[in-house]
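Single-structure report; data block below.
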Amino acid sequence: MKKGLKMIIPLLMFSFIYLTACSSNSQSEDAKMSLPEAAVMDSGSGSGETTNAEQDYSISNETEKKEQSETTRMEVPNQMVIYQAELHLRVKKFEQTLQNLEEKVGKYGGYIAESNVSKEGDEQLSGSIRIRIPQKHFQTFLHEAEGQAVEVLHRKISGDDVTEEYVDLESRLKSKRIVEERLISFMNNAEKTEDVLKISDDLANVQEEIEKIEGRKKFLENQTSLSTIFITLYENKVTVPSLENDDLNTWEKTKKQFMKSTNMLLAGISGLVVFLLGNLPILLIITAIGFLLLFYLKRILKRNGNE
């Protein structure tokens, strides 16, 4: 028994020492774990007390960052492309072609944004129109417009993908809305006039940015929903002079020529009569002188013959 007690007593002492050491280690580890939290609390208390407004601003910033991260993961909408086309067409009948295009624009739910017509003399007629047509009918309308032409002189189609810009605008708009709500809340809870003025200035700037973003979004939506088509029409007219009936009527021409010759003859006779009657005294004197000379010459010739 004594020998057994001698063996148990050292064993009990060893167990007691081991348990004491383990408990001291756990206490030291707990102290280490609690030390950073205490240090944080001490540092926070040492830097001064934070106001409720600052805490609210920090919360709003964190919320805004969270919302921005969520908006970056938002689903991308259908591809948004701004389509534009430019056509130069030569047509047979300008007015008829223009009327057909206007009817097709109404048929597809579009509208004519601009139209002008110009005319150069009697040989050239041209004009241009700017059409807004729903994007789903863009290709169909182009093919039908080209079908109205005798010749396609120029054709240009362009597309601008604005999907990324539109998604970015939506993300920015959502973030600005959150900031706007926070600023309105701060302004309602502000007690100092200085704080109210500061927050109202920030709120005005944010609301102005929201209006710009919304305006840009509406512009992109309009440009992608309605495509723009510029069409220039040319019509060449060759003026053929009309044939006059007088040039083909032989009988009329004969009568005219007969009357002209008759008038010329009558004019000649009339002129001769006027000349003779008007110059009758002179003509009588000249005639008398002529007779005298002729009589004198005959006598001379007769005398020479007798000799």
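The values are calculated or read from the model by the stated rules, or taken from the named source; none is laboratory data. This structure is a prediction, so every number in the text was calculated from the model and none was measured. For neighbour counting, all protein chains shown are included, and Cβ atoms are generated from backbone atoms with ideal geometry for every residue, glycine included.
The residue that is surrounded by the most Cβ atoms within 10 Å (Cβ to Cβ), among those in the stretch 190-220 that are touching a residue at least 60 places away in the same chain (Cβ under 8 Å) and in a helix (DSSP H, G or I), is Leu220. Restricting attention to the stretch 221-253, the residues that are more than 30 Å from Ile112 (Cα to Cα) and either part of a helix (DSSP H, G or I) or at pLDDT 70 or above (or both) add up to 8. Among the residues of the stretch 75-115, just one is of a type in the set (Phe, Trp, Tyr) and out of contact with any helix residue (DSSP H, G or I) (no Cβ under 9 Å at 6 or more places or on another chain), namely Phe94. For the stretch 135-150, filtered to residues that are among the hydrophobic types (A, V, I, L, M, F, W, C) and within 18 Å of the chain's Cα centre (by Cα), the residue that is surrounded by the fewest Cβ atoms within 10 Å (Cβ to Cβ) is Leu142.
This table checks each residue for (1) aromatic (Phe, Trp, Tyr); (2) more than 19 Å from the chain's Cα centre (by Cα); (3) over 30 Å from Gln79 (Cβ atoms).
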{"residue": "Gln99", "(1), (2), (3)": "no, yes, yes"}
{"residue": "Val105", "(1), (2), (3)": "no, no, no"}
{"residue": "Ala113", "(1), (2), (3)": "no, no, no"}
{"residue": "Arg130", "(1), (2), (3)": "no, no, no"}
{"residue": "Ile133", "(1), (2), (3)": "no, no, no"}
{"residue": "Arg155", "(1), (2), (3)": "no, no, no"}
{"residue": "Val162", "(1), (2), (3)": "no, no, no"}
{"residue": "Glu170", "(1), (2), (3)": "no, yes, no"}
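Taken residue by residue, the stretch 176-197 has no member that is among the basic types (Lys, Arg), under 26 Å from the mean Cα position of the chain (by Cα) and at pLDDT below 90. Exactly one residue among Lys119, Lys192, Lys174 is under 25 Å from Asn222 (Cα atoms) and among the charged types (D, E, K, R), and that residue is Lys174.
Only one of these is part of a helix (DSSP H, G or I) and in contact (Cβ under 8 Å) with a residue 60 or more places away in the chain: Leu98, Leu87. Name it.
When all the criteria are applied, what remains is Leu98.
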